[in-house]
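The values are calculated or read from the model by the stated rules, or taken from the named source; none is laboratory data. In this text the structure is predicted, and so the values were computed from the model without any measurement. Here Cβ is always computed from backbone atoms with ideal geometry, including for glycine, and neighbour counts include all displayed protein chains. These accessible areas exclude ligands, DNA and RNA; they are computed on the full protein's heavy atoms, side chains included. Shrake-Rupley method; radii C 1.70, N 1.55, O 1.52, S 1.80 Å.
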Amino acid sequence: QVQLQESGGGSVQAGGSLRLSCVVHESPYGSDNLAWFRQAPGKEREGVAAISISGATKYYADSVKDRFTISRDNAKRTLYLQMNSLKTEDTAMYFCAASTTYQWWSLKPAEFTYWGQGTQVTVSS
């Protein structure tokens with residue numbers, strides 16, 4: 001069983017920064033590719049960034065690739081998302097997820113098996 005718990009969300013003004021964390025409980029740890037997704041009211045769930053088991057390979061959505069950085073610390077069993085230059089369009093519930101499929105790099109929700117319950121990010125102007 002894999003369990004994930006996000007933290008670090010909150011309210012911030014446009015142009016500010018937030019750092020999200022996700023503690024991943026899995027056995028053995030490091031066996032899954034990981035990703036961040038987000039979903040705003042009235043919109044479909046959107047892939048934000050993904051990272052391989054080793055951390056060597058990363059994928060970003062075009063909307064965030066110059067502003068967000070995904071990383072993982074396997075020793076701490078934790079996934080991170082550093083978000084800089086936040087925009088109001090970034091307002092959403094953010095979820096971390098784990099994949100055991102071959103197409104995790106596509107950032108499609110259907111490729112991810114395990115999900116956290118989300119942390120809210122609100123960016124105001």
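What pairs can you find where one residue is in the stretch 83-109 and under 13 Å from residue 37 (Cβ atoms), the other is open to solvent by 20 Å² or more (accessible area, probe 1.4 Å) and of a type in the set (Lys, Arg), and their Cβ atoms are less than 7 Å apart, with a gap of 6+ or different chains?
109/45
So, in the stretch 73-102, of the ones that are open to solvent by 40 Å² or more (accessible area, probe 1.4 Å) and of a type in the set (Gly, Ala, Ser), which residue ends up farthest from residue 19 (Cα to Cα)?
Going through the qualifying residues, I end up with 75.
Tell me, yes or no, whether the stretch 45-59 has at least one residue that is assigned to a strand (DSSP E or B), within 17 Å of residue 118 (Cβ to Cβ) and not small (Gly, Ala, Ser).
For the stretch 45-59, residues assigned to a strand (DSSP E or B), within 17 Å of residue 118 (Cβ to Cβ) and not small (Gly, Ala, Ser): present.
Going residue by residue through the stretch 46-60, is there one that turns out to be over 11 Å from the mean Cα position of the chain (by Cα), closer than 20 Å to residue 15 by Cβ and surrounded by 14 or more Cβ atoms within 10 Å (Cβ to Cβ)?
no
Just to be sure before I move on: is residue 16 of a type in the set (Gly, Ala, Ser), in contact with a strand residue (DSSP E or B) (Cβ under 8 Å, 6 or more places away or on another chain) and in contact (Cβ under 8 Å) with a residue 40 or more places away in the chain in the structure I sent?
yes
Scan (1) touching a Gly at 6+ places or on another chain (Cβ under 7 Å); (2) more than 25 Å from residue 110 (Cβ to Cβ); (3) part of a loop (DSSP other than H, G, I, E, B) for the single condition residue 75 breaks and write down its number.
For residue 75, the failing item is (1).
Filter the stretch 109-125 down to the residues that are part of a loop (DSSP other than H, G, I, E, B) and modelled with pLDDT under 95, then identify the one that is most open to solvent (accessible area, probe 1.4 Å).
125
Being open to solvent by 60 Å² or more (accessible area, probe 1.4 Å) and either assigned to a loop (DSSP other than H, G, I, E, B) or in contact with a helix residue (DSSP H, G or I) (Cβ under 7 Å, 6 or more places away or on another chain) (or both) is the filter here, so list the residues in the stretch 61-72 that pass it.
Those that are open to solvent by 60 Å² or more (accessible area, probe 1.4 Å) and either assigned to a loop (DSSP other than H, G, I, E, B) or in contact with a helix residue (DSSP H, G or I) (Cβ under 7 Å, 6 or more places away or on another chain) (or both): 62, 65, 66.
I'd like to know if the stretch 9-22 contains one or more residues that are in a loop (DSSP other than H, G, I, E, B) and of a type in the set (Ser, Thr, Tyr).
Yes, that holds for at least one residue.
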